[in-house]
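Q: Have a look at the structure that comes next, please.
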Amino acid sequence: ELGPYRHFMQKEIHEQPRAVADTIEALIDAGAFVAELFGDDAAEVLRDVEGVQILACGTSYYAGLTARYWIESIAKLPCTVEIASEYRYREAFANPKNLIVTISQSGETLDTMEALKYAKSLGHTKTLSICNVPESAIPRASRLVYYTRAGAEIGVASTKAFTTQLVALFTLTCTLARLQGRLDETQEAAHIDALRQLPGSIQHALNLEPQVAVWSDRFAPKQHALFLGRGVHYPIALEGALKLKEISYIHAEAYPAGELKHGPLALVDESMPVVVIAPNDALLEKVKSNIQEVRARGGEMFVFTDADSHFGESEQVHVIRTPRHVGVLSPVVHAIPVQLLAYHAALARGTDVDKPRNLAKSVTVE
Ligand code: M6R
């Protein structure tokens with residue numbers, strides 16, 4: 001069942017080119033961001049949406065945080081993202097013209113299900129779920145559904161579910177933008193082409209595994225790690241930190257790089273590894289100046305970037321590059337190396353990678 005892989009997590013990481021390709025298959029066949037991808041009456045539901053409210057837990061929540069950047073910049077709709085267990089217990093403001101989006105790999109997470117029920121009790125009728133398990137509770141309770149086609153995910157650490165959620169959310173973004181007249185044909189064709197090329201770009205990132213594994217050996221003895229990113233890559237830093245703590249038990253925290261000097265910089269010394277997600281986007285120069293602050297304090301840096309960005313490598317600054325910057329879908333590609341880093345760090349520490357202590361695959365209790 002595992003084939004050439006040592007763990008389900010490693011197998012699932014490597015299945016991502018296929019999982020992403022399957023998840024966008026219907027879109028590629030349609031050749032356009034058509035509302036029907038989300039259900040028969042989706043055009044009617046989505047056309048007059050005034051904002052998007054995303055509810056989820058864990059990794060699915062980080063997929064939502066990533067999507068917020070896309071929804072506001074491409075669909076030009078206000079978007080909030082909230083942890084389901086928080087939303088369900090507060091007196092939330094409800095605008096029934098907002099779209100409630102729940103994201104759940106299992107479709108059975110109790111907090112997400114209860115958050116959806118609560119949203120409905122507040123008068124929300126426009127509900128959409130992004131889910132990996134057909135006919136599970138959350139999609140059954142939602143008006144619209146987009147199924148990710150990652151296939152069964154067995155490792156407790158979510159990997160292929162995350163990247164397929166991201167492409168589903170990008171598809172939702174572009175569909176909303178198109179329905180609301182904010183995406184012209186040229187832009188639509190460019191986004192579809194970018195999605196079509198994504199499985200290949202993910203494969204290139206997977207090919208970096210041997211290099212990432214070398215880094216992991218330096219990580220394994222550490223007690224703490226800091227992850228930094230900016231903009232749409234900040235949620236990838238959060239996801240990287242979650243993966244690392246979940247399976248290697250190394251304490252990890254993620255910060256938007258601009259926040260460093262507002263507190264976490266005090267933690268940085270020679271014993272604190274700092275992982276930086278720094279693709280060649282509009283924020284690269286900002287990230288570079290942030291990491292000078294780390295360098296000046298003796299911190300060891302592990303930078304994930306693209307081929308065309310210039311980073312001075314040194315004893316203190318290690319760099320791994322993906323072959324090219326893939327534009328707006330860059331966070332999907334950069335999810336791969338942080339998964340690999342966590343996996344190999346856990347391997348080096350000898351933890352139970354697929355079944356980390358204290359955790360369950362599907363959290364159906366409060
Ligand atoms: O099945 P769901 O997507 O609703 O699960 C949500 C979280 O429990 C899940 O993503 C969890 O954080 C993962 N173990 C992270 O790897």
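The values are calculated or read from the model by the stated rules, or taken from the named source; none is laboratory data. Bear in mind the structure is a predicted one, so any value in this text is a computation, not a measurement. Ideal geometry is used to build each Cβ from the backbone, glycine not excepted, and the neighbour counts take in all protein chains shown. Please note that ligands, DNA and RNA were not included when accessible areas were found on the heavy atoms of the full protein model with its side chains. Shrake-Rupley method; radii C 1.70, N 1.55, O 1.52, S 1.80 Å.
Q: Out of all the residues in region 184-194, which are surrounded by 16 or more Cβ atoms within 10 Å (Cβ to Cβ) and over 19 Å from the mean Cα position of the chain (by Cα)?
A: Of everything in region 184-194, those that are surrounded by 16 or more Cβ atoms within 10 Å (Cβ to Cβ) and over 19 Å from the mean Cα position of the chain (by Cα) turn out to be E188, I192.
Q: For region 296-310, give me each residue that is more than 20 Å from K261 (Cβ to Cβ) and of a type in the set (D, E).
A: Residues satisfying the conditions are D306, D308.
Q: If only one of V52, V20 is assigned to a helix (DSSP H, G or I), surrounded by 18 or more Cβ atoms within 10 Å (Cβ to Cβ) and either more than 16 Å from the ligand (Cβ to nearest atom) or in contact (Cβ under 8 Å) with a residue 12 or more places away in the chain (or both), which one is it?
A: Of V52, V20, the one residue that is assigned to a helix (DSSP H, G or I), surrounded by 18 or more Cβ atoms within 10 Å (Cβ to Cβ) and either more than 16 Å from the ligand (Cβ to nearest atom) or in contact (Cβ under 8 Å) with a residue 12 or more places away in the chain (or both) is V20.
Q: Only one residue in I202, I236, I247, I192 is within 16 Å of the ligand (Cβ to nearest atom) and farther than 26 Å from Q292 by Cβ. Which one?
A: Selected residue: I247, the only one of I202, I236, I247, I192 that is within 16 Å of the ligand (Cβ to nearest atom) and farther than 26 Å from Q292 by Cβ.
Let's see how each residue does on (1) of a type in the set (S, T, Y); (2) away from the ligand (no atom under 16 Å from the Cβ); (3) part of a loop (DSSP other than H, G, I, E, B):
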site: I336; (1), (2), (3): no, no, no
site: Q339; (1), (2), (3): no, no, no
site: A348; (1), (2), (3): no, yes, no
site: T351; (1), (2), (3): yes, no, yes
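Q: Just the residues that are of a type outside the set (S, T, N, Q), under 25 Å from Q223 (Cβ atoms) and loosely packed, with under 14 Cβ neighbours inside 10 Å, please, taken from region 267-325.
A: Within region 267-325, D269, E270, A296, G298, E315 meet the criteria.
Q: Next question, about the same structure. Which members of region 280-334 meet the condition of being basic (K, R) and farther than 14 Å from S201 by Cβ?
A: Of everything in region 280-334, those that are basic (K, R) and farther than 14 Å from S201 by Cβ turn out to be K286, K288, R295, R297.
Q: Can I ask one more? Counting just the residues of region 195-210 that are under 22 Å from the mean Cα position of the chain (by Cα) and open to solvent by 30 Å² or more (accessible area, probe 1.4 Å), which one comes out farthest from P264 (Cα to Cα)?
A: That would be R196.
Q: Can you tell me which residue among E91, E114 is in contact (Cβ under 8 Å) with a residue 12 or more places away in the chain and either open to solvent by 10 Å² or more (accessible area, probe 1.4 Å) or under 16 Å from the mean Cα position of the chain (by Cα) (or both)?
A: Only one candidate qualifies: E114.
Q: Now a separate question. Only one residue in G181, G240, G231 is on the phi > 0 side of the Ramachandran plot, buried (at least 16 other Cβ atoms within 10 Å of the Cβ) and at pLDDT 95 or above, so which one is that?
A: Answer to the check: G231.
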